[in-house]
Amino acid sequence: MQARLEAVIFDWAGTTVDFGSFAPTRIFVDAFKQAFDFDLSLAEARGPMGLGKWQHIEALGADPVVGARWRARFGRPMSHADIDHIYRTFLPLQVERVAAHAELIPGALETIAAIRGRGMKIGSTTGYPRQVMERLMAVAEGKGYVPDCTVCADDLQAGARPGPWMALQCVLDLGIGSVARCVKVDDTLPGIEEGLNAGMWTVGLALSGSPAGLTLGEYESASAEQRREVRERVTPAFVGAGAHFVIDTIADLLPVLDEIEARLEGGERP
């Protein structure tokens, strides 16, 4: 098997755009409030990040704390009809606001250009539905980011994360010869599991994504000690999920790709 990598498959919010992954989390809070006048904190909204958005709402309803509060308020568990109603409320809000959170993460364009310069392809998967992604992809294109393929949470009958199907669809779309020559980069645990389940190398992002919850301004103004504290808080979950590497942001990816190719050269597989 050749030792050269063929593709990197990126997540979107918190990985390539939307530092801190604020677009989906804030809109979950608003959707619960509008649909049922139910209060959800930003931290609670972040909990299942990385899942498809319908599944994200379902997971919030099953959360011990949120679910107990829901039962106390409504006298019953959250139903599929409730999830559908929140999702229908969420979707137009997300389409409306996603463009406001489409700034590329610093270093993204440079890293992606370097990856393409190595002859590799760029895939992407997302927990966003296609309707939202059409808007986000158009804005990202205007900023210079156009992956070779994008697979959305509602594209495949098999489902979304943490299953391997979206990442494997990228393999098909890109014509990749081996999943072992692919790298999945994500800021969420379901996204890391997606890559592992697809047989790929995986890289978690400790500081740019949802688990850290930092705005770009907070990240840029943080001291080395403050960044270290966040890194030490977030990294163990990625390691526990099986991530092969954990870095701060997409800007730190290229040395990891070098190491993966060296490990492939030595016969190691993900």
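The values are calculated or read from the model by the stated rules, or taken from the named source; none is laboratory data. Given the structure is predicted, the values throughout are model-derived calculations rather than measurements. Note that each Cβ is placed from the backbone with ideal geometry, even for glycine, and that neighbours are counted across all protein chains shown. For the accessible areas, the whole protein counts, side chains as well, though only heavy atoms, and no ligand, DNA or RNA atoms are used. Shrake-Rupley method; radii C 1.70, N 1.55, O 1.52, S 1.80 Å.
Projecting the Cα atoms of ILE9, ILE122, MET49 onto the charge dipole of the chain, computed from C-beta unit charges around the Cα centre, puts MET49 farthest toward the positive end.
Taking the Cα centre of the range 3-147 as origin, work out the dipole magnitude from +1 charges on Lys and Arg Cβ and -1 charges on Asp and Glu Cβ, in debye rounded to 20. Could the numbers behind the result be given before it?
Values: 17 positive and 16 negative charges, 36 e Å.
With Lys and Arg at +1 and Asp and Glu at -1, about 180 debye.
What lysines sit close enough to LYS121 to cross-link, taking a C-alpha to C-alpha distance under 16 Å and skipping anything fewer than 8 places away on the same chain? Cross-link targets: LYS184. With a 10 Å cut-off between alpha carbons and a GNM built on the chain, which of VAL203, VAL183, VAL132 moves the most? Judging by the Gaussian network model, the answer is VAL132. Over the chain, accessible surface divided per residue gives 40 Å², non-protein components excluded, 1.4 Å probe. May I ask for the distance between the Cα centers of the range 113-139 and the range 57-107, given as a whole number of Å? For the range 113-139 versus the range 57-107, the Cα centre distance is 24 Å. Relative to the longest principal axis of the chain, what angle (0 to 90°, nearest 10) does the C-alpha long axis of helix 80-97 take? In the chain, helix 80-97 runs at an angle near 60 degrees to the longest axis. Note on ALA72/LEU254: beta-carbon distance plugged into 1/(1 + (r/R0)^6) with R0 of 35 Å gives a FRET efficiency of 0.10.
For the chain, the mean residue ellipticity at 222 nm estimated from helices alone is -15500 deg cm²/dmol, where every DSSP H run of n ≥ 4 contributes -39500 (n - 2.57) and the total is divided by all residues, rounded to the nearest 500. Taking the chain as a Gaussian network of alpha-carbon nodes connected by springs under 10 Å, the highest mean-square fluctuation of the residues HIS244, HIS56, HIS80 belongs to HIS80. The angle between the Cα long axis of helix 64-74 and the longest principal axis of the Cα atoms of the chain comes to about 30 degrees, rounded to the nearest 10. Among the protein heavy atoms of the chain, carbon and sulfur supply 53% of the accessible surface, probe 1.4 Å, non-protein parts ignored.
List the GluC sites (Glu not before Pro) within the range 103-141 that DSSP assigns to loop and that have no more than 15 neighbouring Cβ atoms inside 10 Å. Please list the in-between numbers first.
Working: sites: GLU103, GLU110, GLU134, GLU141; in loops: GLU103.
Within the range 103-141, the qualifying GluC sites (Glu not before Pro) (loop, at most 15 other Cβ atoms within 10 Å) are GLU103.
Taking Cα atoms only, the orientation of helix 224-241 departs from the longest principal axis of the chain by about 90 degrees. For the range 158-270, the dipole from Cβ point charges (+1 on Lys and Arg, -1 on Asp and Glu) about the Cα centre works out to 300 debye, to the nearest 20.
Bridging of LYS33 to lysines at a Cα separation below 24 Å is possible for LYS53, once same-chain residues fewer than 8 apart are set aside. With the charge dipole of the chain set up from +1 on Lys and Arg Cβ and -1 on Asp and Glu Cβ about the Cα centre, the Cα lying farthest toward the positive end among the listed residues GLY199, LEU216, PHE32 is that of PHE32.
With the simple spin-label model, which puts each label point 7 Å out from Cα in the Cβ direction, the ASP39 to LEU109 separation comes to 4.2 nm. Among the listed values (1) 60, 47, 33; (2) 59, 45, 37; (3) 63, 62, 40, the one computed from these coordinates for Cα extents along the principal axes in Å is (2). Placing +1 on each Lys and Arg Cβ and -1 on each Asp and Glu Cβ, with no other charges, gives the range 90-183 a dipole about its Cα centre of roughly 240 debye.
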